[in-house]
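Report on the following structure.
Bear in mind these aren't lab numbers, they're just calculated from the coordinates by the rules spelled out. Predicted, not measured: the structure shown is a model, and the values here were computed from it. Using ideal geometry, Cβ is built from the backbone for each residue, glycine included, and neighbour counts are taken over all protein chains shown.
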Amino acid sequence: MPEQQQWTITATEQPPEWFIQAVKQYTPASNGLYAAQLLWQRGIKDRQQLTAFINYKAYQPTSPFEFGQEMHLAIARLQQAYNTKEKIAIWGDFDADGITATSVLWDGLGQFFAQNTQLVYYIPNRLKESHGLNNQGIDNLAKQGCKLIVTCDTGSTNVEEIIYAKQLGIDVIVTDHHTLPAERPPVAAIINPRYFPKEHQLFNLSGVAVAYKLVEALYQSLPNVAKYPLEDLLDLVAVGLIADLVQLSGDCRYLAQMGIQRLQEDFKQPAAARRRPGVGRLLELCQKSGDRPTDISFGLGPR
C-alpha cells in the first residue's frame, strides 16, 4: 500500500477588524473577510503593504545599493572598465533565467560598452559544459583580451575557476542567486540575494533580476550615458523571474508585474515595430499574449 499523504493545513488567523474594513474597500461584492485572511497570512499586515499589493504602482522598489559594499565594489570595477575602455565578457547560463539575464546585461551594459567589440557574451553548451565557469572558456576569453567577466545566474561557487581567471589577469564580478560559497570568493564583487535574511524584499530575486539590479545601479552611477530607459529591460526580467519559478513576493512580484506590462505593450505593436521581435514571435507561436504568468511559465519559458 502506498503511504497515505499527510496534509498540513495552515491555521486560519483572524485579522483585526480595521484590516478587514481596509480590504473591504477593494472587494465591494463581499465582506472582505476571506481576502483579508489570505492577505494577513501572506504577511501583508499594514495599510502601506496592502496598497502596494493591490496596486503595484504604489510599491516602493528596493534600491540596488541595498546590496551594500558588494554593489559599490561592482560599480567601481565597471566604472574603471568604462574609463580605461577594457574588454568585458558576460558569462551566462542556458536556461530561461540565464539567457534573459545574459540579455539584460548585454542590453544594459551595452549602453556603456560597445557591443561585440568592447562587450562580448558567452553561454556554455548545455550538453558539453554544464553550468558555471570553466577553464577552457576562461582561456578563450583571455585570448580575446577580456579583463573582466560579469557572470549572471551562475558563478557563486566557482572558486577554483575564479582563481584561475585572476591568474590570467581577469577580474570577476559574480551576479547570481544560487548557493553561497562557504567563504567569500576572490572576486571583484559578489552580488547574491542569498546573503539577505529570508524575509528581505530582495531575497527571492532570480538571476535575471539580480543582473537588472546591477544595471540599475550603473544607470544611477553614470546617469547621463544610457540612450534607452532602464525600464526597457523589464520584459526580459519578467520572463526570467517567472520561468525560474521563484517566489513572487517583494521586488520579484513588482518587477514581474512591471515586466508583464512591458511585454504586452510591445506585443500589441505591429510585428515590424516591436522592440523584441523574437519574443513577440515566440508569443505568437505559443498563441499567448503575455498578459499572465502562465503565458511565460508554460509558453515563453520552455521555448
Next on the checklist: Largest first and in whole Å, what are the equivalent-ellipsoid semi-axes of segment 132-196 based on the Cα gyration tensor, each being the root of 5 times an eigenvalue?
Outcome noted: 20, 10, 10
Checklist entry - What per residue convex hull volume, in Å³, do the alpha-carbon atoms of segment 48-106 yield? => result 134
Item to check | Cα coordinate range in segment 227-266, projected on the principal axes (Å, largest first) | outcome: 32, 17, 13
Next on the checklist: In Å and on Cα atoms, what radius of gyration and Dmax does segment 97-160 show?
Outcome noted: 11.9, 33
Checklist entry - Between Q69, G207, M258, whose Cα lies farthest towards the positive end of the dipole of the chain when Lys and Arg beta carbons carry +1 and Asp and Glu beta carbons carry -1, centred on the Cα centre? => result M258
Checklist entry - What ratio of Cα Rg to 2.2 N^0.38 Å holds for segment 85-223? => result 0.98
Item to check | Y121 long-range amide H proximity, modeled H, under 5 Å | outcome: I90
Checklist outcome for this item: Taking segment 228-303, the whole-percent share of alpha-carbon pairs separated by over 14 angstrom is 55
Next on the checklist: Based on Cα coordinates alone, diagonalise the gyration tensor for segment 143-260, multiply each eigenvalue by 5, take square roots, and list the semi-axes in whole Å, largest first.
Outcome noted: 25, 19, 12
Next on the checklist: Considering the Cα positions of the chain, please state its Rg to one decimal place and its Dmax as a whole number of Å.
Outcome noted: 21.2, 69
Checklist entry - Starting at 0 and stepping by 10 Å, how many percent of the alpha carbon pairs of segment 33-155 end up in each bin? => result 12, 30, 25, 16, 13, 3, 0
Checklist outcome for this item: About its Cα centre, segment 234-303 carries a charge dipole, from +1 on Lys and Arg Cβ atoms and -1 on Asp and Glu Cβ atoms, whose size in debye to the nearest 20 is 180
Checklist outcome for this item: With a Förster distance of 51 angstrom and the Cβ-Cβ distance between S30 and D232, calculated FRET efficiency to the nearest 0.05 equals 0.85
Checklist entry - Cα-based count: Lys pairs in the chain below 12 Å, eight or more positions apart or different chains? => result 5
